[in-house]
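One structure below.
The values are calculated or read from the model by the stated rules, or taken from the named source; none is laboratory data. Treat the numbers as computed from the prediction; the structure is a model and nothing was measured. All Cβ positions, even for glycine, are placed from backbone atoms using ideal geometry, and neighbour counts span all protein chains on display.
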Number of protein chains: 4
Amino acid sequence: MAGINKVILVGHLGKDPEVRHLESGSSVANFTLATNDYYKDKSGTRVERTEWHNITAWRGLAEVAEKYLKKGHQIYVEGKIRTRQYQDKDNQTRYITEIVADEITMLGSRPHGEGAQTQNHQPAEAQTFRQEPEIDQLPF
Amino acid sequence: MAGINKVILVGHLGKDPEVRHLESGSSVANFTLATNDYYKDKSGTRVERTEWHNITAWRGLAEVAEKYLKKGHQIYVEGKIRTRQYQDKDNQTRYITEIVADEITMLGSRPHGEGAQTQNHQPAEAQTFRQEPEIDQLPF
Amino acid sequence: MAGINKVILVGHLGKDPEVRHLESGSSVANFTLATNDYYKDKSGTRVERTEWHNITAWRGLAEVAEKYLKKGHQIYVEGKIRTRQYQDKDNQTRYITEIVADEITMLGSRPHGEGAQTQNHQPAEAQTFRQEPEIDQLPF
Amino acid sequence: MAGINKVILVGHLGKDPEVRHLESGSSVANFTLATNDYYKDKSGTRVERTEWHNITAWRGLAEVAEKYLKKGHQIYVEGKIRTRQYQDKDNQTRYITEIVADEITMLGSRPHGEGAQTQNHQPAEAQTFRQEPEIDQLPF
DNA sequence: TTTT
DNA sequence: TTTT
């Protein structure tokens with residue numbers, strides 16, 4: 001029975017994306033995204049908590065990430081949770097949970113005054129980018 | 001700047017929830033949820049992939065989980081991603097990613113014929129349960 | 001600047017889908033979906049509210065709807081909100097809001113005992129169906 | 001059987017919120033939100049489509065809307081779809097579909113250079129606001 | 001470890 | 001018009 005595995009994030013990139021171009025011809029981009037949460041604890045003190053997410057973007061989205069996304073940008077990411085296992089340097093099995101992006105939208109707008117157009121702001125042509133389904137992603 | 005950290009899952013419980021009643025008076029339930037995905041690989045073969053999610057439910061949702069949820073049940077879960085670190089038995093820092101549930105809805109319906117009411121089916125009174133915000137969860 | 005327009009519904013079909021095969025070769029399916037909500041009013045009385053949604057599914061999803069979906073089935077629908085205007089019989093402009101489906105997943109499972117396999121239950125092969133992007137739906 | 005009725009929008013306010021303070025003591029804010037979509041039609045021409053949503057925010061969220069939201073701001077809205085019927089001036093039954101907000105997050109950040117702090121930019125303290133459940137909204 |  |  002099929003299920004649903006959907007993640008929706010709005011946050012800021014912790015670093016510029018790292019993009020690798022695989023021998024297969026595919027590209028893959030990795031970056032971290034911070035989502036900030038606020039709450040009051042039992043004493044009424046405002047507590048801030050930052051959650052860091054590992055984002056993975058493939059193919060067309062990887063190229064978009066490489067071209068447009070920079071550290072500090074605020075983006076919307078839609079994707080799915082995927083936990084991979086790998087062997088660490090001591091040959092122990094470890095797990096890492098990543099968000100595989102299906103859609104990325106750049107948020108905010110270009111500031112208008114002096115000091116605008118700095119490195120941390122999105123280009124005017126910012127928009128929504130979706131992963132085009134490829135042969136190994138078709139739902140049937 | 002605040003962000004969004006939202007997860008939506010539809011899947012089946014891999015085991016009955018384990019519920020602990022803390023000294024503080026809070027309850028917490030843990031269970032795994034499988035979300036199944038299907039796709040065709042490059043050769044056209046249908047490939048199935050199961051993703052396992054660690055679900056954590058607190059307080060009222062923990063009690064609901066204890067009372068109503070059983071291995072095999074299909075549920076809708078809405079929540080947020082949280083990665084915790086802990087020290088393993090070799091005193092190494094390890095990370096675990098969990099989904100903290102904000103809302104759980106039981107899916108499917110009680111079968112009508114003979115053989116109904118078996119252990120893997122939801123009670124007739126199945127419905128949606130939401131986490132009531134408590135003092136340590138208020139957004140301001 | 002691009003935006004996000006996303007709807008996630010879990011509910012029951014109010015009627016069998018009506019499917020039209022257009023001269024262009026496209027198919028389109030329409031059906032209604034009920035989502036039920038419960039709350040307690042100020043006097044503590046449990047109040048039930050049903051929201052009816054107009055669902056539209058195009059092309060491959062329309063054919064899936066025609067083949068698999070029946071009145072009473074419980075499904076997950078992901079899509080976008082679209083408000084259309086039309087002229088009513090008095091030539092006045094009217095508006096109708098619909099959910100254009102991008103993904104449909106059949107929920108629940110076939111009951112096992114006697115009385116199973118009745119008209120209102122999903123086929124065993126139930127799964128997730130996604131709209132394949134077509135030329136008039138590409139994001140760029 | 002309970003259902004899910006969830007809407008997620010990212011867009012810009014079409015006008016300043018209109019806030020009414022009801023005799024009951026409740027407040028309600030109304031505003032429109034534009035979500036922009038882009039696609040290529042069959043001839044490959046880039047087509048832009050703007051969807052306008054009617055947003056309704058109650059109580060604490062209405063006061064937040066009144067205080068912080070202005071025409072042109074980019075926000076994230078999470079809520080539910082609700083279609084109301086009313087009698088128009090010719091005493092005919094009409095329907096209007098609205099999004100009742102459960103959570104609003106202000107997006108973008110204060111621009112840093114000259115010309116910053118203009119009317120269309122969010123305050124530095126921008127954050128996430130959630131509807132606190134009240135007696136007539138509790139899920140049980 | 002679920003489900004089909 | 002669904003479902004419980």
Hey, residue B:16 hits all of (1) away from DNA strand E (no atom under 14 Å from the Cβ); (2) farther than 15 Å from residue B:82 by Cα but one; which does it fall short on? (1)
Being out of contact with any Leu (no Cβ under 8 Å at 6 or more places or on another chain) and at pLDDT 95 or above is the filter; apply it to segment D:1-20 and report the residue that is farthest from residue A:128 (Cα to Cα). D:20
Only unsatisfied item for residue D:84, checking (1) surrounded by 12 or more Cβ atoms within 10 Å (Cβ to Cβ); (2) in contact (Cβ under 8 Å) with a residue 12 or more places away in the chain; (3) of a type in the set (Lys, Arg), is (1)
Being of a type in the set (D, E, K, R) and more than 28 Å from residue B:52 (Cβ to Cβ) is the filter; apply it to segment A:1-18 and report the residue that is surrounded by the fewest Cβ atoms within 10 Å (Cβ to Cβ). A:15
Taking segment C:19-42 and the residues there that are surrounded by 15 or more Cβ atoms within 10 Å (Cβ to Cβ) and of a type in the set (Gly, Ala, Ser), the one that is farthest from DNA strand E (Cβ to nearest atom) would be C:27
If you scan segment C:57-101, which residues turn out to be among the aromatic types (Phe, Trp, Tyr), away from DNA strand E (no atom under 16 Å from the Cβ) and either under 20 Å from residue C:34 (Cβ atoms) or away from every other protein chain (no Cβ under 12 Å) (or both)? C:58, C:86
